[in-house]
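This report concerns only the one structure given below.
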Amino acid sequence: MKFSCAVSMVLLAGQSQGEEVDPQLKLQRILSKFSAITDKTVGRVRTDYSRLDIKKERVHRMGAMMLKNFGKINSRCVLYDFEDDEQDARTDDACFAFKKICKRILNWSKAFNPDCQEFIGMHERTEDKLTRITKPILRILQCDPDLNKNPKN
């Protein structure tokens, strides 16, 4: 545990000097923010949603699979630039906040799970799975079910 904290501190120090953050650490941060935003948005609208923990667990398992795929293709494929809008847009709009964190997950997948060689369709599977997992949450929040549509774009 002390080792992982030390590695995190080194990576964070590197980030402040303009260096790239480890993609695995970046995805872990995004997934933890997903849990926090989901708790804030859905918890505010509907406190009795019993499947919320199951949905969050499914997204975290999907994230673990994304990391596993990244480990397989990291040295074999050309990775793309990760377009991440990390600045927190503090907003009361639950739809905007929830869709934004989902979009960050999809952007990570597009950058670090690209199609190449025998690894075809990983990003598309991630996108389909995230859509299936989040559709009931978007319905509860009364949002457009399309993750690519956002009223504040």
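Below, the figures for the structure above:
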quantity: Point-to-point label distance, residue 40-residue 79, nm (Cα→Cβ direction, 7 Å offset); calculated: 2.7 nm
quantity: Whole-Hz ³J(HN,Hα) from phi, Karplus 6.51 cos²θ - 1.76 cosθ + 1.60, for the stretch 107-117, glycine and proline x; calculated: 5, 4, 4, 5, 6, 10, 10, x, 6, 6, 6
quantity: 4 °C / 1.567 mPa s Stokes-Einstein diffusion coefficient of the stretch 21-140, Kirkwood radius on C-alpha pairs, µm²/s; calculated: 87 µm²/s
quantity: Table column - 3J(HN,Hα) (Hz), the stretch 26-36, Karplus curve with 6.51, -1.76, 1.60, x for Gly and Pro; calculated: 4, 5, 4, 5, 4, 5, 5, 5, 4, 4, 5
quantity: Rel. contact order, % - alpha carbon contacts under 8 angstrom, at least six apart, the stretch 31-107; calculated: 52 percent
quantity: Pairs beyond 22 Å (Cα-Cα), from 33/100; 110/135; 68/135; 103/129; calculated: 68/135
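Laboratory data are not the source of any read-out in this text; all were calculated from the coordinates shown. If you're wondering where the values come from, they're calculated on a predicted model, not measured in any experiment. When we count neighbours, we look across all protein chains shown, and the Cβ atoms used for this are built from the backbone with ideal geometry, even at glycine.
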